[in-house]
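Here, each number is a calculation from the coordinates, and none is a lab measurement. All figures in this text were calculated on a predicted structure; none of them were measured in a lab. Glycine also receives a Cβ, built like all others from the backbone with ideal geometry; neighbour counts cover every protein chain displayed.
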Amino acid sequence: MPEPKFGTRSQPVAKPSKSAAAEREIRGRGDLRARILTRARAIVDGEGLAAVQARRLAVEGGCSVGTLYNIFGDRDGLILAINRQTLTEMGEVLEAVRAATPKEPLEARLSALARAYTAFALENLNRWLAVFEFRLPDNTPLPADYEALRARLLGLLEETIGEDVPDADERRTAARALFGAAHGILHLAVNNRLSDFDKDALERDLRFIVKAAAAGMSRRTS
């Protein structure tokens, strides 16, 4: 039998480096943020913006209210995060439509964009409403990246109009006016402000606005 050896020590178990621990914490924080956002989106989709409450999301997300606020800042920050996702998705849909119709006549290009915008709004109604109905407190500016996402919507419309309105200032004015008219019709329709919701009537109203706008822009450049 071999003689026992004395005086030897087992090798210490290496502790994770601080950087590895920090990376795990960042990943965990990112996973928690994504989980809370996914749940918050589902709440907005199903129940509307008013149903988004920090305590409820903390319980359903498996964290404390304090942790939720550490990630998003406050409830407004959480709603801005939801709206960023909605604006990004909406922009991608509209960009795809704009890119697919570059050679079509102006009215056809604008009609395709209006149909895509309407379809997105109706399919994601509560999240679409949240983008335009949410307000920060007075004198609180929107984050720059959020402003850029909103501005991109008008930018896509300006690009769709393109050289049919050669003057950049007039093109920008035309885009804002047309977006305001189309968005207003859609918002009134989904809120039953003029009559009970009628999709056929909504589409007819939007076609009228687009046709009139396209004709007006064409006359200005002819």
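Here are the numbers:
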| item | result |
| --- | --- |
| 222 nm mean residue ellipticity, helices alone, for the chain (DSSP H n ≥ 4; -39,500 (n - 2.57); rounded to 500) | -25000 deg cm²/dmol |
| Computed lengthening from GLN53 to GLU104, 0.36 nm per intervening residue step minus Cα-Cα distance | 13.8 nm |
| Difference of contour (0.36 nm per residue) and Cα-Cα distance, THR38 to VAL190 | 52.2 nm |
| Theoretical FRET efficiency, 1/(1+(r/R0)^6), r = Cβ-Cβ of GLU123 and ASP76, R0 25 Å, to 0.05 | 0.45 |
| Selected from PRO105, PRO141, PRO166 as most flexible by GNM, with the chain as the system and alpha-carbon contacts under 10 Å | PRO141 |
| Within the range 42-58, backbone nitrogen closer than 18 Å to the virtual label 7 Å beyond the Cα of THR67 toward Cβ | 53-58 |
| Pair ARG150, PHE197: separation of 7 Å Cα→Cβ label points (nm) | 2.4 nm |
| Filtered trypsin sites (Lys or Arg not before Pro), the range 89-127: DSSP coil and at most 12 other beta carbons within 10 Å | LYS103 |
| Gain on full stretching of the segment that runs from GLU60 to GLU92 - 0.36 nm per residue minus C-alpha separation | 8.5 nm |
| Separation in nanometres of the label points that stand 7 Å from Cα toward Cβ, at SER218 and ALA177 | 1.7 nm |
| Protection proxy ranking, peptides 193-203, 169-179, 47-57, average beta carbon neighbours within 10 Å, highest first | 169-179, 47-57, 193-203 |
| Rounded if a/c under 1.5, otherwise prolate or oblate - the range 84-221, Cα gyration tensor axes | oblate |
